[in-house]
Amino acid sequence: MSKALSAAAVSLGAALCFATLVSGADLLGVPLPGGLPAGNALAWLGLLGCSTAAVLLASSNTAIRVLAWLALAISVAWLPVSIALAGNLALNFSGSLGGYWLSASALVLVLVIAVFLLATGSAIIDRLKRAGSA
């Protein structure tokens with residue numbers, strides 16, 4: 001499977017995860033085996049999918065590729081760090097820590113989406129350049 005096709009498949013999966021979160025579907029609160037709420041798993045999978053697609057789309061040896069790998073590393077760490085900070089799988093925070101976590105999570109989401117858009121734009125430009133030189 002080509003990188004572009006893999007990136008498209010992973011992007012679609014991430015989009016479905018985010019769409020489910022935005023819809024507020026009843027299944028978001030359903031605990032998965034082990035107790036993790038489905039919504040938390042979908043948020044994590046959405047971050048992972050979006051940043052993985054960015055890694056697949058970014059050209060080698062570019063700043064965008066470095067940013068894509070950074071976004072992926074942050075995405076991988078998001079759920080375990082969140083669980084450690086909350087002290088529970090439901091990510092219920094006490095005190096002001098919840099506000100800080102929400103702000104940090106929003107920044108992670110913005111970073112991941114921005115890097116994905118950069119990588120996508122760069123891949124489109126690269127493809128257009130190759131088509132123009134052929």
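Only one of these is more than 27 Å from Ile124 (Cβ to Cβ) and either touching a strand residue (DSSP E or B) at 6+ places or on another chain (Cβ under 9 Å) or in contact (Cβ under 8 Å) with a residue 60 or more places away in the chain (or both): Leu91, Leu47, Leu36. Name it. Outline the logic, then answer.
Values: Leu47 fails: more than 27 Å from Ile124 (Cβ to Cβ); Leu36 fails: either touching a strand residue (DSSP E or B) at 6+ places or on another chain (Cβ under 9 Å) or in contact (Cβ under 8 Å) with a residue 60 or more places away in the chain (or both).
So the residue among Leu91, Leu47, Leu36 that is more than 27 Å from Ile124 (Cβ to Cβ) and either touching a strand residue (DSSP E or B) at 6+ places or on another chain (Cβ under 9 Å) or in contact (Cβ under 8 Å) with a residue 60 or more places away in the chain (or both) is Leu91.
Residue count for the stretch 1-37 under the criterion of being touching a Cys at 6+ places or on another chain (Cβ under 7 Å) and of a type in the set (D, E, K, R): the result is 0. For the stretch 101-134, name all the residues that are of a type in the set (Ser, Thr, Tyr) and modelled with pLDDT under 95. Listed by number, the residues that qualify are Ser122, Ser133.
The values are calculated or read from the model by the stated rules, or taken from the named source; none is laboratory data. None of these values were measured; they are calculated from a predicted model. Cβ sites come from the backbone with ideal geometry, for glycine too, and all protein chains shown count toward neighbours.
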